[in-house]
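Please read the structure below before turning to the comments.
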Amino acid sequence: MPAVRTIVDHVPSTRSIVRTQVKGQLRENQITRAVLKTSLEESLRKLRTDHVDILFIHSPPASVLDQADLLEDLERLVAAGKIRMAGLSADPDVIAVALEGGQTALRAMQFPASLRDSSFMQKIIDVQDRGVFCVANHPFGGPEGLVRLRSRLQELAQSPATPADLRTRLNGRDEQIVPEIVLNLILADTGIQVVIPSMM
């Protein structure tokens with residue numbers, strides 16, 4: 001990972017290639033009960049604790065939702081107190097399948113959510129009453145998304161239709177304005193409780 005991060009830092013266009021390669025390594029039925037057990041035991045040992053607050057299954061194919069035995073094991077681990085909450089960290093299409101299926105074992109969902117493509121956030125709003133804990137990652141939409149956002153904010157700063165106090169703030173080169181706007185829009189009335197900016 002350190003080498004990959006260095007490459008992506010210097011050549012941002014490789015980001016999509018890296019994501020495709022990582023997804024390509026995950027196959028149907030690769031996430032098994034044995035993998036779950038081994039992974040959890042290793043995490044508990046390394047963390048020197050008897051439980052984890054949230055256990056995410058990372059980047060699974062949608063077929064993981066058909067693995068009843070795996071989902072039952074997750075429910076048992078929650079009941080035993082080894083996991084406080086189980087969930088998926090996946091692309092929106094897999095999260096949507098889980099939400100539509102009404103999975104009871106999966107109470108936490110982590111997914112990319114940026115202003116560039118906010119359509120998925122409506123699905124999260126629709127399930128707020130089901131007690132699903134939502135975590136958004138990649139809020140800036142990557143380097144390209146950040147460039148587009150800054151360009152749009154510059155347009156707003158020069159538009160007479162923008163309120164004067166906001167134009168002043170946008171023209172003041174306040175570096176805090178971009179994160180404030182992004183985080184506020186992602187968190188405001190969307191059902192998303194946590195935002196995690198990407199390390200890559």
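Values in this text are rule-based calculations from the coordinates and carry no lab data. The shown structure was predicted, so the numbers you read here are calculated from the model rather than taken from an experiment. Please note: Cβ atoms are built from the backbone with ideal geometry, for glycine as well, and neighbour counts cover all protein chains shown.
Can you find, among 87, 67, 145, the residue sitting farthest towards the positive end of the charge dipole of the range 66-200, where Lys and Arg contribute +1 and Asp and Glu -1 at Cβ?
145
Under 19 Å Cα-Cα from residue 37, which aspartates and glutamates qualify once same-chain neighbours fewer than 8 residues away are excluded?
28, 50, 53, 66, 69, 72, 73, 75
Quick one: Kirkwood hydrodynamic radius for the range 133-192, alpha-carbon pairs, angstrom, one decimal?
Working: mean 1/r = 0.0795 Å⁻¹.
About 12.6 Å, per the Kirkwood formula over Cα pairs.
Calculate, in nm to one decimal, what residue 30 and residue 185 gain on full extension: separation in residues at 0.36 nm each, minus their alpha carbon distance.
Numbers: separation 155, 0.36 × 155 = 55.80 nm, distance 3.62 nm.
Answer, rounded to one decimal: 52.2 nm.
Among the DSSP beta bridges whose two residues both lie in the range 49-147, what percent are antiparallel, rounded to the nearest 5? Write down the numbers at each step before the final one.
On the way: 1 of 16 bridges.
Beta bridges within the range 49-147, antiparallel portion: roughly 5 percent.
Percent relative contact order of the range 117-200, based on C-alpha pairs within less than 8 angstrom and at least six residues apart? Provide the component values of the computation, followed by the final result.
Values: 65 pairs, mean separation 40.7, N = 84.
Once divided by the residue count of the range 117-200, the mean separation gives 48 percent.
Note down the nm distance, to one decimal, between modelled labels 7 Å out along Cα→Cβ at residue 48 and at residue 68.
Roughly 4.3 nm, to one decimal.
Set the Förster distance to 22 Å, then compute FRET efficiency between residue 58 and residue 37 from the Cβ-Cβ distance, nearest 0.05.
On the way: r = 16 Å, r/R0 = 0.74.
So the FRET efficiency works out to roughly 0.85.
Mind checking the dipole of the range 120-162: about its Cα centre, +1 per Lys or Arg Cβ, -1 per Asp or Glu Cβ, Debye to the nearest 20?
Details: 5 positive and 4 negative charges, 15 e Å.
Using Cβ point charges on Lys, Arg, Asp and Glu, the range 120-162 gives about 80 debye.
Where Lys and Arg each count +1 and Asp and Glu each count -1, what net charge lies around residue 40 among other residues with Cβ under 10 Å from its Cβ? Don't skip to the end; give the middle numbers.
Details: positive: 37, 45, 82; negative: 41, 42, 73.
Within the 10 Å Cβ shell, the charges total 0.
Placing +1 at every Lys and Arg Cβ and -1 at every Asp and Glu Cβ, with all other atoms neutral, what dipole size does the range 42-200 have around its Cα centre, in debye to the nearest 20? Mind dumping the intermediate values first?
On the way: 16 positive and 21 negative charges, 112 e Å.
Computed about the Cα centre, the dipole is about 540 debye.
Want the number for residue 82 to residue 165: 0.36 nm per residue separation, take away the alpha-carbon distance, what's left?
Working: separation 83, 0.36 × 83 = 29.88 nm, distance 5.05 nm.
Here the segment from residue 82 to residue 165 would lengthen by 24.8 nm.
Quote the Stokes-Einstein diffusion coefficient, in whole µm² s⁻¹, for the range 66-171, based on the Kirkwood radius over alpha carbon pairs, a temperature of 37 °C and a viscosity of 0.692 mPa s.
Values: Rh = 16.3 Å.
Diffusion coefficient, whole number: 201 µm²/s.
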